[in-house]
Amino acid sequence: MKSIHAIRSLLICALLVTQAPSFAQDNFPNKPVKVIVPFPPGGGVDVIARMVGNKLSTDWGQPVVMDNKPGAGTLIGAHAVATAPADGYTLLAATADTLAVAAALQSKPITLPEKTLQPLTQIVRTPLLIAVKMDSPYKNLSDFIEAARKNPGRLSYGSAGIGTIHHMSMEGLAEQAKVDIKHVAYRGSGPAVADLLAGVIDVAMLESPTALPQIKGSKLRALGISTPTRAAVAPEVPTIAEQGYPNFSAISWMGFAVARGTPPAIAEKLFAGIRDAIESPDVAQKLRGMGLEPVTSKSTAEFERFAETERVRWAALIKSKNIHVD
(Lines give C-alpha, C1' and ligand atoms only; values in the text may rest on other atoms or scores of the structure.)
Protein backbone atom coordinates (compact mmCIF):
# COMPACT_ATOMS: atom_id res chain seq x y z
CA MET A 1 0.00 0.00 0.00
CA LYS A 2 2.82 2.37 0.88
CA SER A 3 4.43 1.74 -2.47
CA ILE A 4 1.16 2.66 -4.23
CA HIS A 5 0.98 5.95 -2.28
CA ALA A 6 4.63 6.65 -3.07
CA ILE A 7 4.08 6.09 -6.78
CA ARG A 8 0.98 8.27 -6.72
CA SER A 9 2.91 11.07 -4.98
CA LEU A 10 5.69 10.86 -7.55
CA LEU A 11 3.18 11.05 -10.41
CA ILE A 12 1.50 14.11 -8.87
CA CYS A 13 4.88 15.82 -8.41
CA ALA A 14 5.88 15.03 -11.98
CA LEU A 15 2.57 16.46 -13.23
CA LEU A 16 3.06 19.64 -11.24
CA VAL A 17 6.61 20.06 -12.56
CA THR A 18 5.52 19.66 -16.17
CA GLN A 19 2.64 22.09 -15.68
CA ALA A 20 4.73 24.74 -13.87
CA PRO A 21 6.28 26.37 -16.95
CA SER A 22 2.89 26.48 -18.67
CA PHE A 23 1.29 28.05 -15.60
CA ALA A 24 4.10 30.64 -15.38
CA GLN A 25 3.61 31.56 -19.04
CA ASP A 26 -0.18 31.73 -18.76
CA ASN A 27 0.18 33.90 -15.65
CA PHE A 28 2.80 36.22 -17.14
CA PRO A 29 3.58 38.78 -15.83
CA ASN A 30 2.94 38.07 -12.17
CA LYS A 31 5.71 40.24 -10.72
CA PRO A 32 7.47 43.54 -11.58
CA VAL A 33 9.04 43.87 -15.04
CA LYS A 34 12.32 45.74 -15.51
CA VAL A 35 13.14 47.81 -18.59
CA ILE A 36 16.83 48.54 -19.07
CA VAL A 37 17.44 51.80 -20.91
CA PRO A 38 20.99 51.95 -22.34
CA PHE A 39 21.01 55.76 -22.25
CA PRO A 40 21.11 58.35 -19.44
CA PRO A 41 17.85 59.49 -17.81
CA GLY A 42 15.97 62.32 -19.47
CA GLY A 43 16.87 61.63 -23.09
CA GLY A 44 14.43 60.75 -25.85
CA VAL A 45 14.75 56.97 -25.51
CA ASP A 46 14.31 57.22 -21.74
CA VAL A 47 11.20 59.38 -22.09
CA ILE A 48 9.62 57.01 -24.63
CA ALA A 49 10.47 53.91 -22.59
CA ARG A 50 8.87 55.41 -19.48
CA MET A 51 5.76 56.40 -21.42
CA VAL A 52 5.33 52.87 -22.75
CA GLY A 53 6.26 51.37 -19.38
CA ASN A 54 3.53 53.35 -17.62
CA LYS A 55 0.95 52.05 -20.09
CA LEU A 56 2.19 48.46 -19.73
CA SER A 57 2.04 48.76 -15.94
CA THR A 58 -1.60 49.82 -16.16
CA ASP A 59 -2.47 47.08 -18.65
CA TRP A 60 -0.63 44.31 -16.82
CA GLY A 61 -1.39 45.34 -13.26
CA GLN A 62 2.31 45.01 -12.42
CA PRO A 63 5.01 47.63 -11.86
CA VAL A 64 7.25 48.30 -14.87
CA VAL A 65 10.44 49.91 -13.59
CA MET A 66 13.22 51.65 -15.52
CA ASP A 67 16.92 50.96 -15.00
CA ASN A 68 19.31 53.27 -16.88
CA LYS A 69 22.58 51.60 -17.86
CA PRO A 70 24.40 53.80 -20.42
CA GLY A 71 27.85 53.13 -21.83
CA ALA A 72 29.85 51.23 -24.48
CA GLY A 73 27.60 52.50 -27.24
CA THR A 74 24.54 50.97 -25.47
CA LEU A 75 26.19 47.55 -25.11
CA ILE A 76 26.42 47.74 -21.30
CA GLY A 77 22.63 47.81 -21.14
CA ALA A 78 22.38 45.16 -23.84
CA HIS A 79 24.78 42.90 -21.94
CA ALA A 80 22.72 43.30 -18.76
CA VAL A 81 19.62 42.06 -20.58
CA ALA A 82 21.48 39.28 -22.40
CA THR A 83 22.81 37.87 -19.12
CA ALA A 84 19.54 38.23 -17.17
CA PRO A 85 17.27 35.18 -16.78
CA ALA A 86 15.52 34.51 -20.09
CA ASP A 87 12.09 34.71 -18.47
CA GLY A 88 10.71 37.91 -20.02
CA TYR A 89 11.00 39.99 -16.86
CA THR A 90 13.95 42.04 -18.13
CA LEU A 91 13.43 44.05 -21.32
CA LEU A 92 15.74 46.30 -23.31
CA ALA A 93 14.68 49.61 -24.80
CA ALA A 94 16.60 48.93 -28.00
CA THR A 95 17.55 51.34 -30.77
CA ALA A 96 19.40 51.06 -34.06
CA ASP A 97 22.54 51.87 -32.06
CA THR A 98 22.17 48.60 -30.15
CA LEU A 99 20.71 46.17 -32.65
CA ALA A 100 22.44 47.39 -35.81
CA VAL A 101 25.58 49.43 -35.12
CA ALA A 102 27.37 49.27 -31.75
CA ALA A 103 29.01 45.84 -31.99
CA ALA A 104 30.46 46.56 -35.46
CA LEU A 105 32.25 49.64 -34.08
CA GLN A 106 34.20 47.70 -31.45
CA SER A 107 36.98 45.15 -31.92
CA LYS A 108 35.92 43.24 -28.79
CA PRO A 109 32.27 44.04 -28.01
CA ILE A 110 31.03 42.79 -24.65
CA THR A 111 28.01 41.26 -26.35
CA LEU A 112 26.78 40.59 -29.88
CA PRO A 113 23.12 41.67 -29.83
CA GLU A 114 22.25 39.68 -32.96
CA LYS A 115 23.19 36.50 -31.05
CA THR A 116 22.23 37.34 -27.47
CA LEU A 117 19.04 39.37 -27.86
CA GLN A 118 15.60 38.51 -29.24
CA PRO A 119 13.95 41.54 -30.90
CA LEU A 120 10.26 41.85 -30.03
CA THR A 121 8.77 44.77 -31.95
CA GLN A 122 9.51 48.22 -33.27
CA ILE A 123 7.64 50.97 -31.46
CA VAL A 124 8.62 54.26 -33.15
CA ARG A 125 10.57 55.55 -36.11
CA THR A 126 11.84 59.05 -36.63
CA PRO A 127 12.94 60.94 -39.75
CA LEU A 128 16.31 62.67 -39.73
CA LEU A 129 16.85 66.16 -41.12
CA ILE A 130 20.07 67.65 -42.38
CA ALA A 131 19.99 71.24 -41.15
CA VAL A 132 21.98 74.48 -41.24
CA LYS A 133 21.51 77.69 -39.32
CA MET A 134 19.14 80.16 -40.92
CA ASP A 135 21.83 82.59 -42.14
CA SER A 136 23.93 79.82 -43.69
CA PRO A 137 25.02 80.37 -47.31
CA TYR A 138 23.68 76.89 -48.12
CA LYS A 139 20.09 77.31 -49.26
CA ASN A 140 19.61 73.70 -50.34
CA LEU A 141 21.40 70.36 -50.29
CA SER A 142 23.05 70.95 -53.68
CA ASP A 143 24.67 74.13 -52.36
CA PHE A 144 26.22 72.26 -49.47
CA ILE A 145 27.40 69.27 -51.50
CA GLU A 146 28.95 71.57 -54.12
CA ALA A 147 30.80 73.49 -51.40
CA ALA A 148 32.01 70.22 -49.85
CA ARG A 149 33.38 69.07 -53.21
CA LYS A 150 35.27 72.33 -53.65
CA ASN A 151 36.61 72.21 -50.06
CA PRO A 152 37.38 68.56 -49.22
CA GLY A 153 37.76 67.96 -45.48
CA ARG A 154 37.11 71.61 -44.58
CA LEU A 155 33.35 71.58 -43.98
CA SER A 156 32.05 69.87 -40.85
CA TYR A 157 28.92 68.15 -39.64
CA GLY A 158 27.78 67.33 -36.13
CA SER A 159 26.14 64.16 -34.87
CA ALA A 160 24.83 62.86 -31.55
CA GLY A 161 27.92 60.65 -31.25
CA ILE A 162 30.10 58.08 -32.98
CA GLY A 163 28.02 55.20 -34.30
CA THR A 164 24.66 56.90 -33.85
CA ILE A 165 22.21 56.78 -36.71
CA HIS A 166 22.92 60.51 -37.22
CA HIS A 167 26.60 59.68 -37.82
CA MET A 168 25.91 56.63 -39.97
CA SER A 169 23.37 58.36 -42.19
CA MET A 170 25.62 61.37 -42.81
CA GLU A 171 28.54 59.10 -43.68
CA GLY A 172 26.22 57.24 -46.04
CA LEU A 173 25.30 60.50 -47.76
CA ALA A 174 28.96 61.55 -47.98
CA GLU A 175 29.80 58.22 -49.59
CA GLN A 176 27.02 58.52 -52.15
CA ALA A 177 27.90 62.14 -52.91
CA LYS A 178 31.64 61.31 -52.98
CA VAL A 179 32.59 64.14 -50.65
CA ASP A 180 34.90 64.41 -47.64
CA ILE A 181 33.18 66.12 -44.68
CA LYS A 182 34.71 66.34 -41.21
CA HIS A 183 32.71 64.56 -38.50
CA VAL A 184 32.33 66.23 -35.10
CA ALA A 185 30.84 63.85 -32.53
CA TYR A 186 28.85 65.24 -29.60
CA ARG A 187 27.35 63.61 -26.54
CA GLY A 188 23.79 63.94 -27.75
CA SER A 189 21.93 66.13 -30.21
CA GLY A 190 21.56 69.09 -27.83
CA PRO A 191 25.24 70.12 -27.87
CA ALA A 192 25.33 69.59 -31.66
CA VAL A 193 22.42 72.00 -32.11
CA ALA A 194 24.10 74.57 -29.84
CA ASP A 195 27.30 74.49 -31.90
CA LEU A 196 25.35 74.55 -35.17
CA LEU A 197 23.54 77.71 -34.05
CA ALA A 198 26.86 79.20 -32.92
CA GLY A 199 28.47 78.52 -36.30
CA VAL A 200 31.05 76.08 -34.93
CA ILE A 201 29.91 73.38 -37.38
CA ASP A 202 28.40 73.80 -40.85
CA VAL A 203 25.55 71.26 -40.77
CA ALA A 204 24.08 68.62 -38.50
CA MET A 205 21.98 65.51 -38.99
CA LEU A 206 19.21 65.70 -36.40
CA GLU A 207 16.14 63.71 -35.41
CA SER A 208 12.90 65.48 -36.25
CA PRO A 209 11.82 66.14 -32.61
CA THR A 210 15.11 68.01 -32.08
CA ALA A 211 15.24 69.82 -35.41
CA LEU A 212 11.63 70.85 -36.01
CA PRO A 213 11.23 73.31 -33.09
CA GLN A 214 14.38 75.11 -34.26
CA ILE A 215 13.15 75.10 -37.86
CA LYS A 216 9.70 76.38 -36.92
CA GLY A 217 11.38 79.05 -34.81
CA SER A 218 13.35 80.21 -37.90
CA LYS A 219 16.68 79.38 -36.27
CA LEU A 220 17.54 76.42 -38.52
CA ARG A 221 16.83 75.60 -42.16
CA ALA A 222 16.25 72.03 -43.31
CA LEU A 223 18.15 71.02 -46.45
CA GLY A 224 16.57 67.59 -46.69
CA ILE A 225 14.86 64.75 -44.87
CA SER A 226 16.15 61.18 -44.72
CA THR A 227 12.99 59.22 -45.48
CA PRO A 228 12.48 57.74 -48.97
CA THR A 229 9.27 59.79 -49.38
CA ARG A 230 8.27 63.08 -47.81
CA ALA A 231 7.32 62.81 -44.15
CA ALA A 232 4.08 63.92 -42.55
CA VAL A 233 5.99 65.76 -39.81
CA ALA A 234 7.59 68.09 -42.40
CA PRO A 235 5.90 67.65 -45.79
CA GLU A 236 7.47 70.83 -47.17
CA VAL A 237 11.03 69.48 -46.73
CA PRO A 238 12.33 67.65 -49.83
CA THR A 239 13.82 64.23 -49.33
CA ILE A 240 17.53 63.68 -49.80
CA ALA A 241 16.56 60.97 -52.30
CA GLU A 242 14.67 63.38 -54.56
CA GLN A 243 17.62 65.78 -54.58
CA GLY A 244 19.90 63.52 -56.58
CA TYR A 245 20.51 60.56 -54.25
CA PRO A 246 17.73 58.07 -55.06
CA ASN A 247 19.33 55.25 -53.08
CA PHE A 248 19.55 57.27 -49.88
CA SER A 249 17.26 56.32 -47.02
CA ALA A 250 17.84 56.37 -43.28
CA ILE A 251 15.65 56.53 -40.23
CA SER A 252 16.06 56.47 -36.48
CA TRP A 253 14.06 53.70 -34.82
CA MET A 254 13.41 52.13 -31.44
CA GLY A 255 11.89 48.91 -30.17
CA PHE A 256 12.08 46.35 -27.41
CA ALA A 257 14.12 43.17 -27.01
CA VAL A 258 14.62 40.39 -24.48
CA ALA A 259 17.31 37.79 -23.80
CA ARG A 260 17.68 35.15 -26.47
CA GLY A 261 16.10 31.93 -25.20
CA THR A 262 13.01 33.57 -23.71
CA PRO A 263 10.13 31.08 -24.11
CA PRO A 264 8.21 31.83 -27.34
CA ALA A 265 4.89 32.03 -25.48
CA ILE A 266 6.25 34.76 -23.19
CA ALA A 267 7.88 36.60 -26.11
CA GLU A 268 4.50 36.61 -27.86
CA LYS A 269 2.80 37.96 -24.73
CA LEU A 270 5.36 40.76 -24.54
CA PHE A 271 4.96 41.48 -28.24
CA ALA A 272 1.17 41.71 -27.92
CA GLY A 273 1.33 43.86 -24.79
CA ILE A 274 3.81 46.33 -26.26
CA ARG A 275 1.89 46.47 -29.55
CA ASP A 276 -1.36 47.23 -27.73
CA ALA A 277 0.36 49.93 -25.68
CA ILE A 278 1.78 51.66 -28.77
CA GLU A 279 -1.49 51.43 -30.68
CA SER A 280 -3.53 52.83 -27.78
CA PRO A 281 -4.88 56.29 -28.69
CA ASP A 282 -3.31 58.09 -25.72
CA VAL A 283 0.22 56.75 -26.24
CA ALA A 284 0.06 57.14 -30.03
CA GLN A 285 -1.12 60.74 -29.69
CA LYS A 286 1.69 61.59 -27.25
CA LEU A 287 4.30 60.06 -29.55
CA ARG A 288 3.01 61.96 -32.58
CA GLY A 289 3.05 65.12 -30.50
CA MET A 290 6.77 64.53 -29.99
CA GLY A 291 7.33 64.32 -33.75
CA LEU A 292 7.60 60.52 -33.70
CA GLU A 293 5.80 57.97 -35.83
CA PRO A 294 4.27 55.12 -33.79
CA VAL A 295 4.82 51.80 -35.58
CA THR A 296 4.66 48.16 -34.58
CA SER A 297 6.03 45.09 -36.31
CA LYS A 298 3.69 42.44 -37.67
CA SER A 299 5.58 39.80 -35.67
CA THR A 300 8.75 39.28 -33.65
CA ALA A 301 10.21 37.56 -36.72
CA GLU A 302 9.54 40.61 -38.89
CA PHE A 303 11.33 42.90 -36.44
CA GLU A 304 14.28 40.52 -36.25
CA ARG A 305 14.56 40.47 -40.06
CA PHE A 306 14.40 44.26 -40.15
CA ALA A 307 17.11 44.60 -37.46
CA GLU A 308 19.36 42.14 -39.32
CA THR A 309 18.94 44.02 -42.59
CA GLU A 310 19.90 47.25 -40.82
CA ARG A 311 22.86 45.56 -39.11
CA VAL A 312 24.27 44.21 -42.38
CA ARG A 313 23.78 47.56 -44.08
CA TRP A 314 25.49 49.69 -41.46
CA ALA A 315 28.24 47.14 -40.77
CA ALA A 316 29.23 47.34 -44.43
CA LEU A 317 29.44 51.15 -44.22
CA ILE A 318 31.42 50.99 -40.97
CA LYS A 319 33.92 48.64 -42.61
CA SER A 320 34.24 50.66 -45.83
CA LYS A 321 34.75 53.93 -43.93
CA ASN A 322 36.94 52.33 -41.22
CA ILE A 323 34.83 53.76 -38.40
CA HIS A 324 35.65 52.49 -34.90
CA VAL A 325 35.55 53.54 -31.26
CA ASP A 326 38.49 51.54 -29.85
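The values are calculated or read from the model by the stated rules, or taken from the named source; none is laboratory data. Note that the structure is a prediction, hence the values are computed from the model and not measured. Ideal geometry is used to build each Cβ from the backbone, glycine not excepted, and the neighbour counts take in all protein chains shown.
Here A78 fits the description: out of contact with any Phe, Trp or Tyr (no Cβ under 9 Å at 6 or more places or on another chain) and part of a helix (DSSP H, G or I).
A single entry from S252, S280 fulfils the requirement of being surrounded by 21 or more Cβ atoms within 10 Å (Cβ to Cβ) and among the polar types (S, T, N, Q): S252.
Checked against the criterion of being within 15 Å of the chain's Cα centre (by Cα) and β-branched (V, I, T), the candidates T83, T98, T116, T111 yield just one match: T98. So is S218 hydroxyl-bearing (S, T, Y) and at pLDDT 95 or above or not? Considered against the rule, which asks whether it is hydroxyl-bearing (S, T, Y) and at pLDDT 95 or above, S218 comes out as yes. Taking A307, is it assigned to a helix (DSSP H, G or I), crowded, with 18+ Cβ neighbours inside 10 Å and hydrophobic (A, V, I, L, M, F, W, C)? The answer is yes for A307. What do you reckon, is K139 over 19 Å from G224 (Cα atoms), basic (K, R) and surrounded by fewer than 17 Cβ atoms within 10 Å (Cβ to Cβ)? Judged against the criteria, K139 is not a match. Taking the residues in the range 184-210 that are in a helix (DSSP H, G or I) and hydrophobic (A, V, I, L, M, F, W, C) as candidates, determine which candidate is surrounded by the fewest Cβ atoms within 10 Å (Cβ to Cβ). Top of the filtered list is A198. Please verify whether L112 is buried (at least 24 other Cβ atoms within 10 Å of the Cβ), within 28 Å of T309 (Cα to Cα) and not small (G, A, S), treating the condition exactly as stated. Considered against the rule, which asks whether it is buried (at least 24 other Cβ atoms within 10 Å of the Cβ), within 28 Å of T309 (Cα to Cα) and not small (G, A, S), L112 comes out as no. When each of G44, G88 is tested for being surrounded by 20 or more Cβ atoms within 10 Å (Cβ to Cβ), touching a residue at least 12 places away in the same chain (Cβ under 8 Å), of a type outside the set (D, E, K, R) and over 22 Å from K269 (Cβ atoms), the lone residue that passes is G44.
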